[in-house]
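For reference, the structure discussed in these notes is given below.
The values are calculated or read from the model by the stated rules, or taken from the named source; none is laboratory data. Model, not experiment: these values are computed from the prediction. Here the Cβ is made from the backbone with ideal geometry for all residues, glycine too, and neighbour counts use every protein chain on show.
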Amino acid sequence: MIIIPAIDLKDGRCVRLSQGRMDQESVYSEDPVQMAKHLGSKGAERLHVVDLNGAVTGRPVHRYLIEEMVRSLKIPVEVGGGIRDLETIEIYLSSGVQWTILGTAALRNRLLVEEACRRFPGRIILGIDARGGKVAIQGWNEVVSLEAIDLPKQYEGIGLSAVIFTDIERDGMGTGLNIQLTKKLAQSTSIPVIASGGVSQIEDIEHLSELEPHGVIGVIVGRAIYTGRLNLEEAIRLTKSPMGSTKSLVPNSK
């Protein structure tokens, strides 16, 4: 299992939201490129970047900033937010992004996901955001009737790289991961799962590592790193220890 630091972009800044609410943000850097470099210097093997404005508007807003971040790093980057068509996927992947994340588009356009996986095998991630156990889309503003654990089943066997599962109600709150629901989702699919939402301390990483046999292969961490509640280097060492995971999700370089 690997630790994946997150950079959420809103209005050109590095922020973290509380429970996915765009009006409840904490700004952690006015320079996301420097923040990306800093996280890379701490041993991060992979970076998670979300265009929050793009998620709401349905089109990339921070594309050029993201491309600058990718150029500045020697580690692979996954990007989500506002990706709704093949053209946007191709633009990001051709610019050096390693994986693109489809969330809203996956729910509304299965053919897009299938075609993206066919054209870019191993480079498409399904993003599932949940509120109250149900799927939330359109920048987390709309909750649909579909249970989060049922969505991955619809995309078995098409070549997705992974599923990122985020419990929005815990995201940015430091209340700990939703271990129970994450486990249920991982058990419901053969697609590798990356957990997200609520990590607050090293014990959360320890508990999550117990789910690796069920297919949980990584965890995204944001606010806990920025506030200092979780030491990134310590968390990475834990996953590399004999008691942790030694499986790598990423190539040695871009």
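Overview of values
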{"item": "Flag for Ile202 being surrounded by fewer than 21 Cβ atoms within 10 Å (Cβ to Cβ), among the aliphatic types (A, V, I, L, M) and touching a residue at least 24 places away in the same chain (Cβ under 8 Å)", "result": "yes"}
{"item": "Helices (runs of 4 or more DSSP H) wholly inside region 28-132 containing at least 1 residues that are of a type outside the set (Lys, Arg) and more than 19 Å from Ile191 (Cβ to Cβ)", "result": "32-41, 52-57, 63-72, 86-94"}
{"item": "Cβ-Cβ under 6 Å pairs, at least 6 apart or on other chains, region 174-199 side on the phi > 0 side of the Ramachandran plot, far side not in a loop (DSSP other than H, G, I, E, B)", "result": "Gly176/Asp204; Gly197/Thr166; Gly197/Asp167"}
{"item": "Failed item in (1) over 13 Å from the mean Cα position of the chain (by Cα); (2) more than 19 Å from Met35 (Cβ to Cβ); (3) buried (at least 23 other Cβ atoms within 10 Å of the Cβ), with Arg84 passing the rest", "result": "(3)"}
{"item": "Selection count where residues are within 29 Å of Leu238 (Cα to Cα) and touching a Leu at 6+ places or on another chain (Cβ under 8 Å), scope region 33-65", "result": "13"}
{"item": "Among the residues listed as Ala44, Ala55, the single one being surrounded by 19 or more Cβ atoms within 10 Å (Cβ to Cβ) and either at pLDDT below 95 or among the acidic types (Asp, Glu) (or both)", "result": "Ala55"}
{"item": "In region 56-81, the residues that are aliphatic (A, V, I, L, M) and within 17 Å of the chain's Cα centre (by Cα)", "result": "Val56, Ile66, Met69, Val70, Ile75, Val77, Val79"}
{"item": "Some residue of region 137-160 being at pLDDT 85 or above, part of a strand (DSSP E or B), β-branched (Val, Ile, Thr) and under 17 Å from Ala55 (Cβ atoms)", "result": "no"}
